[in-house]
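Peer 1: Pasting a structure below so you can have a look.
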Amino acid sequence: MPATPRGTRSGTLTPSCSSAGRRGPLQLEWKPPQRSHRPQVAAVVAETGIFRPDEIDVALEVFDAYCDAPGRDYWACAAFAGPDELAGFAFYGPTPCTVDTWDLYWIAVHPRFQRAGIGRSLLQQVEHHICSSGARMCVIETSSRDDYAETRDFYLACGYEEVARIPGFYADDDDRVTYAKYFAGSLCLRKENESREVRTKGHGEGCGTELPLTSPNS
Ligand SMILES: CC(C)(COP(=O)(O)OP(=O)(O)OC[C@H]1O[C@@H](n2cnc3c(N)ncnc32)[C@H](O)[C@@H]1OP(=O)(O)O)[C@@H](O)C(=O)NCCC(=O)NCCS
């Protein structure tokens, strides 16, 4: 069974660029979203400007399913900038028909709060939770479109690696790009370690591949 997500807590983040339009550290409250936050979830998703209306509907379907039964198929975490001002959120859950693989289904940060570290913190919270639930890996799917370039940069910056690509999946000129992060103790990571050792032994220092994936617990 997945672990209980952590409850409400507070924290500060220092905006790393002026696009956030604020001075000083950003006070945030981290807590699971409630059903009453539905309009704000819709607003954050819409105001990123990247999702089509049908995709916004899907995000809300996932949110509704989460609210109906938190922790059954979906989990959620969120950052609030004011008493109830949703700055960003993530939806995630165990991937059906897998053993301890989890999916990040959705992550979005309101444009006013982007580049302040909220997305990274949300993803770290997701990883902390799923690792404590025994996750071997976390998988994320996104688009190859140009307007998703910054999103792909974000996943790479958070330690995810592109592991697969299906050409034309979303549309003729829109591939599905899959990112993954393997966690310490997973068989894939152990195999990667072993082959790294073999390559290093066979070819000397520097020829082995660097471990591409790290655990948030390490
Ligand atoms: C992707 C998203 C969730 C990132 O959230 P965020 O709070 O802005 O990201 P962070 O501030 O935590 O950024 C962490 C790192 O990711 C990278 N990154 C984030 N945004 C980036 C951008 N616009 N361009 C380049 N790199 C970026 C940077 O390395 C950044 O570290 P740095 O600021 O120290 O350089 C947010 O931009 C967003 O909501 N985008 C629209 C919705 C979306 O694409 N969701 C995912 C759908 S698959």
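Peer 1: What is the spin-label model distance, in nm, from Arg165 to Asp68 if the labels are put 7 Å beyond Cα along the C-beta direction?
Peer 2: For Arg165 paired with Asp68, the spin-label model returns 3.7 nm.
Peer 1: Something else: Between Tyr148 and Asp100, what is the FRET efficiency for a Förster distance of 25 Å, r being their Cβ-Cβ separation, to the nearest 0.05? The partial results should precede the final answer.
Peer 2: Values: r = 28 Å, r/R0 = 1.10.
It comes to 0.35.
Peer 1: Around Ala43, under 13 Å between beta carbons, what's the net of Lys plus Arg minus Asp minus Glu among the other residues?
Peer 2: That sum, taken over residues with Cβ under 13 Å, equals -1.
Peer 1: A further question on this structure: Once you treat every alpha carbon in the stretch 9-203 as an equal point and sum by Debye, what is log10 I(q)/I(0) at q = 0.09, 0.11, 0.17 Å⁻¹?
Peer 2: Per q value, in the given order, log10 I(q)/I(0) is -0.36, -0.54, -1.22.
Peer 1: Now, a different point. For Asp84, what charge total do you get from the other residues with a beta carbon under 12 Å from its beta carbon, if Lys and Arg give +1 and Asp and Glu give -1? List each step's numbers first, then the result.
Peer 2: Values: positive: Lys31; negative: Glu29, Glu85.
Once positives and negatives cancel, what remains is -1.
Peer 1: So, counting K/R as plus one and D/E as minus one, what does the shell of residues with Cβ under 11 Å around Trp102 add up to?
Peer 2: -1
FYI, it's all coordinate maths here, none of it is from the lab. No experiment lies behind these values; they were computed from the predicted model shown. Methodologically, a virtual Cβ is constructed for each residue, glycine included, from the backbone with ideal geometry; neighbour enumeration extends over all protein chains shown.
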